[in-house]
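A short worksheet on the structure shown next.
The values are calculated or read from the model by the stated rules, or taken from the named source; none is laboratory data. Remember, predicted model here, so these are calculated numbers, not experimental data. Cβ placement follows ideal geometry from the backbone for every residue including glycine, while neighbour counts extend to all protein chains displayed.
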Amino acid sequence: MKSRLSGLVLALAISLCALPASTFVVAAEPAAATARTVLVIGATGRTGREVVVKSLEAGYRVRALVRDELRARASLGSEVTLIVGDVRTDEAIAKAVEGADFVISALGSNVRNDPSNTPELVDYGGIRRLAEKAAESKIRHFVLVSSMGATHRDHPLNRMYSNILTWKLKGEDALRVSGVPYTIVRPGGLTEARGGEFLPMMMQGDDLSRQGRIARADVAAIAVAALDRPEAMKKTFEVIASNATGQPDWATLFGSLNADAK
Ligand SMILES: NC(=O)c1ccc[n+]([C@@H]2O[C@H](COP(=O)([O-])OP(=O)(O)OC[C@H]3O[C@@H](n4cnc5c(N)ncnc54)[C@H](OP(=O)(O)O)[C@@H]3O)[C@@H](O)[C@H]2O)c1
């Protein structure tokens, strides 16, 4: 009896060790032929890649709109369906959205690397195109990673990056009026920390006196946990890492937020 018990304890210890050292559980859906499809925009980016990982972990099929197929395949692995294109074109967006159930965008222009890839064309134009196509295609839920400070026109980031925050706000607004069920996540400063350690602190009102940072992996976990969740619909919130640890109670976290007025 004693040896059977110690065998069980050993098996439990081994299975716990097999879990990643720290991660937020986002959903518990088995991967299956019937699994629903998440289209990830910005999947080759630092947050987008985490969104892909979390979506696969949660049992979704993943499709990604990417600009460079070889780079994307090397970074995202073989499980992801790649659609090659640019959010500045209608054709790419139509092809990517067709047949998807959900959209998560971690898209971000980087005008300093490519002056033609402006916030106006990407953070606004790309999101507007995606939202309109998503509405037409009856996408069930669109989760947009935007940014804390989006409502602050005089924010220094606007001066540094061609009014990036103001264009992001216009992108948010295009999603709000599109008719697609949505959630808008506005993270504070993004970090490369492993994530899963500090519980997210969600806030509303875009109050810059409460700034902070959050791991990209945790923003991805939040985006995937929000999918199809009634408590997350029609909500916009800022998020940073708190000092508290543990597993997030997603229903309570999303449920405590107010829905957008318009
Ligand atoms: N950095 C921060 O501290 C911070 C804070 C708050 C919010 N945010 C926002 O959070 C989001 C994620 O940030 P991140 O730093 O993880 O992003 P990132 O690493 O810069 O990735 C951006 C992604 O967008 C894609 N992209 C850019 N232009 C595109 C286009 N024209 N067509 C298709 N795809 C395009 C990039 O593709 P390629 O690989 O092909 O370039 C890449 O996959 C962004 O919206 C960012 O503005 C950032």
Determine whether the stretch 147-154 contains at least one residue that is more than 21 Å from Ala232 (Cα to Cα), modelled with pLDDT of 95 or more and not acidic (Asp, Glu).
yes
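Condition check ((1) away from the ligand (no atom under 13 Å from the Cβ); (2) crowded, with 17+ Cβ neighbours inside 10 Å; (3) of a type outside the set (A, V, I, L, M); (4) within 18 Å of the chain's Cα centre (by Cα)) across all residues:
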residue: Gly108; (1), (2), (3), (4): no, yes, yes, yes
residue: Val122; (1), (2), (3), (4): no, yes, no, yes
residue: Gly126; (1), (2), (3), (4): no, yes, yes, yes
residue: Ala131; (1), (2), (3), (4): yes, yes, no, yes
residue: Ala134; (1), (2), (3), (4): yes, yes, no, yes
residue: Val143; (1), (2), (3), (4): no, yes, no, yes
residue: Ser147; (1), (2), (3), (4): no, yes, yes, yes
residue: His155; (1), (2), (3), (4): no, yes, yes, no
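Given the options Arg67, Arg46, name the one that is within 13 Å of the ligand (Cβ to nearest atom), under 21 Å from Arg194 (Cβ atoms) and out of contact with any His (no Cβ under 9 Å at 6 or more places or on another chain).
Values: Arg67 fails: under 21 Å from Arg194 (Cβ atoms).
Residue meeting the stated conditions: Arg46.
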What number of residues within the stretch 109-153 satisfy the criterion of being more than 15 Å from Ala94 (Cβ to Cβ) and of a type in the set (Asp, Glu)?
3
Mind counting the residues in the stretch 204-246 that are over 17 Å from the mean Cα position of the chain (by Cα) and over 17 Å from Phe24 (Cα atoms)?
9
Consider Ala221 carefully, then state whether it is more than 15 Å from the ligand (Cβ to nearest atom), part of a helix (DSSP H, G or I), in contact (Cβ under 8 Å) with a residue 60 or more places away in the chain and over 20 Å from Gly149 (Cβ atoms).
no
Which condition does Arg159 not pass, out of (1) surrounded by 16 or more Cβ atoms within 10 Å (Cβ to Cβ); (2) more than 20 Å from the chain's Cα centre (by Cα), if it passes all the others?
(1)
Across the stretch 90-106, which residue is nearest to the ligand (Cβ to nearest atom) among those that are closer than 22 Å to Ser146 by Cβ and outside any helix (DSSP H, G or I)?
Ala106
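So in the stretch 39-72, with the set limited to residues that are assigned to a loop (DSSP other than H, G, I, E, B) and touching a residue at least 24 places away in the same chain (Cβ under 8 Å), which one is surrounded by the fewest Cβ atoms within 10 Å (Cβ to Cβ)? Give the steps one after another, and end with the answer.
Step one: of the stretch 39-72, the residues assigned to a loop (DSSP other than H, G, I, E, B) are 42-45, 58-60, 67-68.
This time we only want the ones that are touching a residue at least 24 places away in the same chain (Cβ under 8 Å), so: 42-45, 58-60, 68.
Numbers: Gly42: 22, Ala43: 28, Thr44: 20, Gly45: 18, Ala58: 21, Gly59: 15, Tyr60: 23, Asp68: 12.
Result: Asp68.
Can Glu238 be described as surrounded by 23 or more Cβ atoms within 10 Å (Cβ to Cβ) and either without any contact (Cβ under 8 Å) to a residue 12 or more places away in the chain or not β-branched (Val, Ile, Thr) (or both)? Spell out how you get there, then give the answer.
Numbers: surrounded by 23 or more Cβ atoms within 10 Å (Cβ to Cβ): yes; either without any contact (Cβ under 8 Å) to a residue 12 or more places away in the chain or not β-branched (Val, Ile, Thr) (or both): yes.
When the stated conditions are applied, Glu238 passes them.
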Restricting attention to the stretch 73-89, report how many residues are within 16 Å of the ligand (Cβ to nearest atom) and in a loop (DSSP other than H, G, I, E, B).
7
Anything in the stretch 141-192 that is in contact with a strand residue (DSSP E or B) (Cβ under 6 Å, 6 or more places away or on another chain) and of a type in the set (D, E, K, R)? List them, or say none.
Glu172, Arg186
